[in-house]
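Here's the structure we're looking at; comments come further down.
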Amino acid sequence: MTVLVETMHRITVPNYEIRIWRAERPDYKFEPEPFGKLALLAQRNQELPLDELARLLLAEDNVSAVEVLNWAHCGVVLYKEWP
């Protein structure tokens, strides 16, 4: 059986709630970590339309999916590749 492992982290900025999934190795052990680079990227670009912000975040290394929601809980989910 092939096991695919992803981590999910949530980032909240004044304009959006964001969840980011990253591909991990099968032997990955969860450890909470700050999402420094991606959180900063989201903060600096939160004035973008939500679909553009999602595309910007999805382009980062090891990011496999991004969800960006507005405060009405409507938004978009983008995937690099569906497993």
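Across the stretch 55-67, what is the total count of residues that are more than 21 Å from VAL5 (Cα to Cα) and either of a type in the set (A, V, I, L, M, F, W, C) or surrounded by fewer than 13 Cβ atoms within 10 Å (Cβ to Cβ) (or both)? Let's see the steps before the verdict.
At the first step, the residues of the stretch 55-67 found to be more than 21 Å from VAL5 (Cα to Cα) are 55-56.
Filter once more, so that each one left must be either of a type in the set (A, V, I, L, M, F, W, C) or surrounded by fewer than 13 Cβ atoms within 10 Å (Cβ to Cβ) (or both): 56.
Of the residues in that region, 1 qualify.
With the structure loaded, tell me whether PRO14 is over 12 Å from the mean Cα position of the chain (by Cα), in contact (Cβ under 8 Å) with a residue 12 or more places away in the chain and surrounded by fewer than 11 Cβ atoms within 10 Å (Cβ to Cβ) or whether it fails that test.
Working: over 12 Å from the mean Cα position of the chain (by Cα): yes; in contact (Cβ under 8 Å) with a residue 12 or more places away in the chain: yes; surrounded by fewer than 11 Cβ atoms within 10 Å (Cβ to Cβ): yes.
So PRO14 passes the test.
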Of the residues in the stretch 36-83, those that are under 13 Å from the mean Cα position of the chain (by Cα), in a loop (DSSP other than H, G, I, E, B) and without any contact (Cβ under 8 Å) to a residue 40 or more places away in the chain come to ALA59, GLU60, ASP61, LYS80
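Every number in this text was worked out from the coordinates using simple rules, so none of it is lab data. Just so you know, these numbers come straight off a predicted model, no measurement behind them. Positions of Cβ are generated from backbone atoms using ideal geometry, with glycine treated the same way; all protein chains shown enter the neighbour counts.
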